[in-house]
Amino acid sequence: MSEGVADFVRSELGGPTGWDDYHCRGTETYLDGYGCAATLLRFAEAGTPGTVRALHARLRTQSFDGLIAGRDVAALWAQCALGACAPR
């Protein structure tokens, strides 16, 4: 997840991402690479501004606990996959 934070920041700053508009393809999920993790973070940040900053702060001192903005990451991905993160 920490590398997803890095790719999220790179995208927000206008840097090259190496994938097409932050959408995962096919059956990919947030577990299938930094870009897909960044896609999920973009979705979470849009719903709750400050999410990525708070997650990054937690990741500096502890392991990822499976929660993003207080929500289970798998449930958040399921919601994301219905729209913003849908495969192209």
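Output yes when any residue across the range 60-78 is farther than 16 Å from Val5 by Cα, touching a strand residue (DSSP E or B) at 6+ places or on another chain (Cβ under 9 Å), of a type outside the set (A, V, I, L, M, F, W, C) and not in a strand (DSSP E or B), and no when none is. No, the range 60-78 contains no residue that is farther than 16 Å from Val5 by Cα, touching a strand residue (DSSP E or B) at 6+ places or on another chain (Cβ under 9 Å), of a type outside the set (A, V, I, L, M, F, W, C) and not in a strand (DSSP E or B). Taken over the range 44-58, residues that are under 18 Å from Ala74 (Cα atoms) and surrounded by fewer than 16 Cβ atoms within 10 Å (Cβ to Cβ) amount to 3.
When we screen Thr29, Thr17 for residues that are polar (S, T, N, Q), touching a Lys or Arg at 6+ places or on another chain (Cβ under 8 Å) and either at pLDDT 85 or above or surrounded by fewer than 20 Cβ atoms within 10 Å (Cβ to Cβ) (or both), the only hit is Thr17. For the range 32-43, a residue qualifies if it is open to solvent by 70 Å² or more (accessible area, probe 1.4 Å), of a type outside the set (Phe, Trp, Tyr) and in contact (Cβ under 8 Å) with a residue 12 or more places away in the chain, and exactly one does: Arg42.
Taking (1) of a type outside the set (Asp, Glu); (2) modelled with pLDDT of 80 or more; (3) open to solvent by 60 Å² or more (accessible area, probe 1.4 Å) in turn, Leu82 satisfies each apart from (2).
The values are calculated or read from the model by the stated rules, or taken from the named source; none is laboratory data. No experiment lies behind these values; they were computed from the predicted model shown. A quick note on method: Cβ atoms are made from the backbone with ideal geometry, for glycine too, and the neighbour counts reach across all protein chains shown. Side chains are part of the model used for accessible areas, which takes the heavy atoms of the whole protein and leaves out ligands, DNA and RNA. Shrake-Rupley method; radii C 1.70, N 1.55, O 1.52, S 1.80 Å.
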